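Following: one structure in structure tokens, then a few remarks.
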């Protein structure tokens, strides 16, 4: 990693965190405010930052790394046709039902192939009506390189029991939307868990909840994602070094006035 890229990563981290805390206030009240006001405020602010890391920090940081690796960072609002035309709408519904029923006959590859085939039979893209998707359904990061497209949904490392199925169905929707625009689109859609807080394998701790997402196929954890964006091994280790450097420089001291009365 060259010095300019290190500087760009450092700037991205600083800018992202400063932007999050700009004019930030704790607007909710709690009975603990009467006992431990500073501690309660710190918890509220840090909890908000941790919850929003995907949008606040990881997305812009991934974009910096991806651009350095020759990716084009595209507009995230690409997957918008609604309602889906026949027969792709019916195919999507059928596939969703199969995944919900845990049918062993389906796979990521077969599902994508069926959606592409249905899109080829659908009405032309110019006849589609485009609407905005809910923020929770939108693509977080959309990259293009060498004619191949990558759509990512960046998630928190802590997920609920049904999260894996919901995320799998969302990826199917993304394929359906994109193939409506271009049935020949070379797209890979994945869910990403950018941070692994565990000392061991993330899949051993959270993998059961992530089903039916498939490790390496439509779900990546930390190193897989960052190595992909940068195009180098140990990308996450290099990012951590920059966090450590910011810590030694006292970057966190800039926010003391926000945390303490």
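Considering (1) within 19 Å of residue 71 (Cβ to Cβ); (2) in contact with a helix residue (DSSP H, G or I) (Cβ under 7 Å, 6 or more places away or on another chain); (3) part of a loop (DSSP other than H, G, I, E, B), say which one residue 232 fails and leave the rest.
(2)
Filter segment 237-261 for residues that are more than 19 Å from residue 15 (Cα to Cα) and either without any contact (Cβ under 8 Å) to a residue 24 or more places away in the chain or under 18 Å from the mean Cα position of the chain (by Cα) (or both) and give the result.
Across segment 237-261, the qualifying residue is only 237.
How do the pairs read when you match residues in segment 10-29 that are within 16 Å of residue 47 (Cα to Cα) with residues anywhere that are in a loop (DSSP other than H, G, I, E, B) and at pLDDT below 90, using Cβ under 8 Å and keeping only pairs 6 or more apart or on different chains?
Here the result reads 20/52, each pair linking segment 10-29 to a residue that is in a loop (DSSP other than H, G, I, E, B) and at pLDDT below 90.
What number of residues within segment 15-49 satisfy the criterion of being part of a helix (DSSP H, G or I) and surrounded by 14 or more Cβ atoms within 10 Å (Cβ to Cβ)?
14
Checking the structure you have, find out if any residue of segment 81-97 is more than 18 Å from residue 219 (Cα to Cα), modelled with pLDDT under 90 and touching a strand residue (DSSP E or B) at 6+ places or on another chain (Cβ under 7 Å).
Yes, segment 81-97 contains at least one residue that is more than 18 Å from residue 219 (Cα to Cα), modelled with pLDDT under 90 and touching a strand residue (DSSP E or B) at 6+ places or on another chain (Cβ under 7 Å).
Collect the residues in segment 192-229 that are modelled with pLDDT under 95, part of a helix (DSSP H, G or I) and surrounded by 14 or more Cβ atoms within 10 Å (Cβ to Cβ), keeping them in residue-number order.
If the condition is that a residue be modelled with pLDDT under 95, part of a helix (DSSP H, G or I) and surrounded by 14 or more Cβ atoms within 10 Å (Cβ to Cβ), then 202, 203, 205, 206, 207, 209, 210 are the ones that fit.
Here's the yes/no breakdown for (1) in contact with a strand residue (DSSP E or B) (Cβ under 6 Å, 6 or more places away or on another chain); (2) at pLDDT 85 or above; (3) outside the structural domain of residue 157 (by TED's automatic domain parsing):
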{"residue": "5", "(1), (2), (3)": "no, yes, yes"}
{"residue": "45", "(1), (2), (3)": "no, no, yes"}
{"residue": "50", "(1), (2), (3)": "no, no, yes"}
{"residue": "62", "(1), (2), (3)": "yes, yes, yes"}
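Looking at 151, 189, 113, 119 in this structure, which one is in a helix (DSSP H, G or I) and surrounded by 18 or more Cβ atoms within 10 Å (Cβ to Cβ)?
Residue meeting the stated conditions: 119.
The values are calculated or read from the model by the stated rules, or taken from the named source; none is laboratory data. Bear in mind the structure is a predicted one, so any value in this text is a computation, not a measurement. In this analysis, Cβ positions are derived from the backbone assuming ideal geometry, glycine residues included, and neighbour counts consider all displayed protein chains.
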